[in-house]
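To start, the structure under review is shown below, and the notes come after it.
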Amino acid sequence: MKCVKIRHIASILLLFALLVGCEQSEQMRTRMQFVAECNRADTVFTERWMPTVDSLVNYFKRHGTDNERMMAYYLQGRVLHDMGEAPQALDAYQRAAEQADTTRDDCDLRTLYSVYGQMANLFHAQYLPDNEMKALQTAEIIALKNSDTLEAIRSYELRVRPFFLKAEKDSMLFIMQEARKKYLQIGYRKEAAQAIYPTISIFLDREQIQEAGHYLNLYEKESDNFDENGDLISGGHYYYSKGRHLLAIGQVDSAHLYFQKALKRDHKEAGYRGLLSVYVKKNIPDSIAKYAQLYAAANDSSYLHVNQEKVHQITAMYDYSHHQRIAEEKTAEARKANRDKIIIIAITALLLAGAMFFFIRLKNRAKREYSRLIKELERKQDLLANAVDRQRLLNYDHEKLMKEKELEQQELLQRIQTSQQTISTVLDDKNRLLQEFNELQTEQDFLIQQHEEYILQKNAEIKDLEANLLKLETELQKFSSVDMEATFKKTDIFKLFDERKNPQYINKPPKDKDWQQLTALFRTHFVRYYSFIAIAHRLPVNQFRYCILLRLGFDGNDIGILMNKDRDQRYNLRKFIYEELFEKPVQVKLLEEKLKEHF
């Protein structure tokens, strides 16, 4: 690599000397070759290079060949790229691609391949996976047309990046396995091993330990990235993957050693995360707390936040600049041909713009009104569904009551018939019945006295049970709520709910049996909080479940997915919970703070 850079630097110095005394055309070509050599020497371009590349574009746009115009625009894009001007760089790359005539035998396919490669890198940096995929596919086609099989395979291998941004792990696995096959077909064993390396993390995440171990062994044998002592030559993420695999197969001490190696290679987030998992495995609270803090700090410093609104703005800016440039070129050509047509086009454009403005405005207004009506319809449907449920319950209670009354009437009629048949017998037995009545009255008095004594006894037992319950709660409070919570979050049912909070499970909430299992386990780990919401206040099911998820650390969006509730429904739940648990007036924003008093 150093020899290559020295060769580029020597070429740069030679070209710089040739710039003096040349004719304009030769001087501009020499200048472009100078900038191209600087680009190949990995020069970081700054703003001072802009006048140079702009002059190249202006000159070759009028005097150059297709290949020269493509190279000029490509170099302009490279300068803008290094300056961080992403939309302008994309526009320059697009202009460069438009100059190429791939039907010609002398088309510079190598430069065209570089143009689409840089476009793919820029789309990836801007989190635009679909655009990146198109650029990579085009680059692969160009490389194959140029008979450059190795670069074609590399472009194919890079398809894993847009699938990574879209979190499509199955597609990532397919691309990496196919890339490995392609490398092996042309004899590139080292590249094949390096191409398959990211699959290790995917298999470890899926707890497919045997597959992860297979590819770890393959990488160790064929990547040529290890010295004679078995240490990595470059990088450090391998140590983290190796440690995870060792931890999964129970070799905790060996895993600890590899996580330490990852830290030494400045992979702090991975290293601290691995050490945290080791101490969790060993159940050493002090070390768990220490490395949890270190991992959180490293995670905060390396966390990549994808601002989707900004991505859309960049895309819109790129599309706008691209179409604006085409419109300007066509307008310039039309002005040379006929100035009258420009006036007609301008008037037409103004009319169309005005019509489009009002159309978009009306369309947006209609969209807002449609969204409002949809929300109102959903709210009315929820109210109707609740009313129907209540009506069904009332009908069921009414039918049950009517059946009971009918049975009572039948019994009364039967008794009346029997009484009429035996009235004479009743009169004869009157004295006997009066005597039995007196005996029953005496027995009733005795039973009432016995029942009162029983009630007093049960009240005493209840007081004893309440005292025991208070004593048990006091004992439970001696245990660290953090430990209880940590223990709870290791359970399978919590992991199920934690997985189901992902957007891919929208409209697929957990089943009733899952909720029952979660509630049963929650009751034993959070006794005080459970008593407050379930015994002291007896919240309805949805309110009770919302309080459980809130205590377990799920945020509003997670709870919405797990309970299949939209924002308005969640707000109403919070309002009803506050009314049930705390005094009025209702202050929904203080619900979490109020509940934390009972954590």
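The values are calculated or read from the model by the stated rules, or taken from the named source; none is laboratory data. What you see is a predicted model; the values in this text were computed from it and never measured. Note: ideal-geometry Cβ built from the backbone for every residue, glycine included; neighbour counts use all protein chains shown. What goes into the accessible areas is simple: the full protein's heavy atoms, side chains included, and nothing from ligands, DNA or RNA. Shrake-Rupley method; radii C 1.70, N 1.55, O 1.52, S 1.80 Å.
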**OP:** Give a residue-ordered list of calculated ³J(HN,Hα) values for segment 54-70 (Karplus: 6.51 cos²θ - 1.76 cosθ + 1.60, θ = phi - 60°; whole Hz; x for Gly, Pro).
**Re:** 5, 5, 5, 5, 4, 6, 6, 5, 9, 10, x, 7, 4, 5, 5, 5, 4
Subject >> In sequence order, calculated HN-Hα J values of segment 203-208 (Karplus, 6.51, -1.76, 1.60; Hz; x Gly/Pro) >> reply: 5, 5, 4, 8, 6, 8
**OP:** Kindly state, as a whole number, the per residue volume in cubic angstrom of the convex hull around the alpha carbon atoms of segment 41-142.
**Re:** 96
**OP:** Hey, can you grab everything whose amide H is under 5 Å from the amide H of Arg265? Only 5+ residues off in sequence or another chain; H modelled, so Pro and N-termini drop out.
**Re:** none
**OP:** Show which aspartates and glutamates lie in cross-link reach of Lys490 when reach means a straight Cα distance below 14 angstrom and same-chain residues fewer than eight apart are skipped.
**Re:** Asp498, Glu499
Original post:
Which of the peptides 136-142, 370-376 is most tightly packed, and how do the rest follow, judged by the mean count of other Cβ atoms within 10 Å per residue?
Top reply: 136-142, 370-376
Original post:
Tell me, what % of the accessible area of segment 173-247 is carbon and sulfur with a 1.4 angstrom probe?
Top reply: 43
Subject >> 3J(HN,Hα) from dihedral phi, segment 91-107, Karplus parametrisation 6.51/-1.76/1.60, rounded to Hz, x for glycine, proline >> reply: 5, 5, 4, 5, 4, 4, 5, 5, 6, 6, 10, 6, 7, 8, 5, 8, 4
**OP:** Express in Å², to the nearest 10, the accessible area of Lys169 obtained by rolling a 1.4 Å probe over the protein heavy atoms while all chains stay in place.
**Re:** 80
Original post:
Under 5 Å between amide H atoms, partner at least 5 residues away or on a different chain: which partners does Phe226 have, H built in plane at 1.01 Å?
Top reply: Ile233
Original post:
So, with a 1.4 angstrom probe, what is the percent of accessible area on segment 540-590 that is carbon and sulfur?
Top reply: 46
Subject >> When each of Lys242/Lys508; Lys501/Lys594; Lys169/Lys261 is checked by Cα-Cα distance, pairs over 29 Å >> reply: Lys242/Lys508
Original post:
What accessible area per residue comes out for segment 536-594, rounded to a whole number of Å², with a 1.4 Å probe?
Top reply: 54
Original post:
Ignoring ligands, DNA and RNA, what percent of the accessible area of segment 38-143 is carbon or sulfur (1.4 Å)?
Top reply: 44
Original post:
If one computes the Cα centroid of segment 537-599 and of segment 411-444, what distance in Å separates the two points?
Top reply: 60
Original post:
If eta is 1.306 mPa s and T is 10 °C, what Stokes-Einstein diffusion coefficient results for segment 523-599, Kirkwood Rh from Cα pairs, in µm²/s?
Top reply: 126
Original post:
Ile416 accessible area, nearest 10 Å², 1.4 Å probe?
Top reply: 90
**OP:** Can you work out the accessible area per residue across segment 67-106, with the rest of the protein chains kept in place, probe 1.4 Å, in square angstrom?
**Re:** 39
**OP:** For segment 336-409 and segment 64-137, compute the distance between their C-alpha centroids and round to whole Å.
**Re:** 44
**OP:** Please report the orientation-averaged projected area of segment 174-279, defined via the convex hull of its C-alpha atoms, in nm².
**Re:** 6.7
Original post:
Excluding ligands, DNA and RNA, what is the solvent-accessible area per residue of segment 217-295 at a probe of 1.4 Å, expressed in Å²?
Top reply: 55
